[in-house]
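First comes the structure, then the notes that go with it.
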Amino acid sequence: MEYTFAGWLHVRDYGEAMDVLMLDTGHRDYYNGDPLAKRLQDELDLPCTASVRYYITKSSMTLEQAQEAYIRQYYRYGDVDAKYIDRYSEITGYLWTDEELNVGGHDLLSELRTYGGKYLILVVEVGDTQ
């Protein structure tokens with residue numbers, strides 16, 4: 001099964017969590033959306049093995065346009081691990097947020113953080129679930 005996630009990348013606060021990689025589906029300067037790791041965690045049947053490719057562009061475009069332009073394309077293959085968990089204490093309240101997105105041992109979240117303000121098209125082809 002193939003999943004496509006597209007939107008503007010931004011690193012910003014989300015609730016009480018700070019510096020979260022967000023995928024904003026609206027306009028470049030209008031922030032609405034969810035944490036990228038949370039989107040994958042919620043939509044993929046994890047754990048799974050997948051092939052991942054992504055395109056980074058300066059403007060919003062379709063997957064077909066990005067493929068034709070071949071602006072930037074990376075391939076990753078392997079086990080997918082996406083996690084977004086807020087940690088709380090009954091006594092002190094919010095503590096921290098765990099945010100991860102790993103594919104085949106590569107820290108995809110760290111790679112994508114460097115493209116803040118750019119448009120992302122992320123294609124995940126899921127193989128067998130584990």
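Could you list, in sequence order, all residues of the range 17-38 that are in contact with a strand residue (DSSP E or B) (Cβ under 7 Å, 6 or more places away or on another chain), at pLDDT 90 or above and at negative phi?
Correct list: ALA17, VAL20, LEU21, MET22, LEU23, PRO35, LEU36, ALA37, LYS38.
Which one of these does TRP96 not meet: (1) over 26 Å from SER59 (Cα atoms); (2) in contact (Cβ under 8 Å) with a residue 60 or more places away in the chain; (3) surrounded by 18 or more Cβ atoms within 10 Å (Cβ to Cβ)?
For TRP96, the failing item is (3).
Filter the range 57-80 down to residues that are modelled with pLDDT under 80, over 15 Å from the mean Cα position of the chain (by Cα), among the hydroxyl-bearing types (Ser, Thr, Tyr) and within 19 Å of TYR3 (Cα to Cα), then give me how many there are.
Counting residues in the range 57-80 that are modelled with pLDDT under 80, over 15 Å from the mean Cα position of the chain (by Cα), among the hydroxyl-bearing types (Ser, Thr, Tyr) and within 19 Å of TYR3 (Cα to Cα) gives 1.
Any idea how many residues of the range 77-104 are more than 27 Å from TRP8 (Cβ to Cβ) and either of a type in the set (A, V, I, L, M) or outside any strand (DSSP E or B) (or both)?
Selection size over the range 77-104: 4.
Limited to the range 1-53, what total is found for residues that are more than 10 Å from the chain's Cα centre (by Cα) and either in a strand (DSSP E or B) or not acidic (Asp, Glu) (or both)? It would help to see each step written out before you state the result.
Initial filter on the range 1-53 (more than 10 Å from the chain's Cα centre (by Cα)): 1-4, 8, 10-20, 24-33, 42-53.
Those still in the list that are either in a strand (DSSP E or B) or not acidic (Asp, Glu) (or both) too: 1-4, 8, 10-15, 17-20, 24-28, 30-33, 44, 46-53.
Residues meeting the conditions: 33.
Every residue, every condition in (1) open to solvent by less than 40 Å² (accessible area, probe 1.4 Å); (2) more than 15 Å from the chain's Cα centre (by Cα); (3) touching a residue at least 24 places away in the same chain (Cβ under 8 Å); (4) under 14 Å from ASP19 (Cα atoms), yes or no:
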| position | (1), (2), (3), (4) |
| --- | --- |
| ALA82 | yes, no, yes, no |
| GLU90 | no, yes, no, no |
| GLU100 | no, no, yes, yes |
| LEU108 | yes, no, yes, no |
| LEU112 | yes, no, yes, yes |
| LYS118 | no, no, yes, no |
| ILE121 | yes, no, yes, no |
| GLY127 | no, yes, yes, no |
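The values are calculated or read from the model by the stated rules, or taken from the named source; none is laboratory data. Computed from a predicted structure; not experimentally measured. All Cβ positions, glycine included, derive from the backbone under ideal geometry; neighbour counts span all protein chains shown. All accessible areas refer to the heavy atoms of the entire protein, side chains included, with ligands and DNA or RNA removed. Shrake-Rupley method; radii C 1.70, N 1.55, O 1.52, S 1.80 Å.
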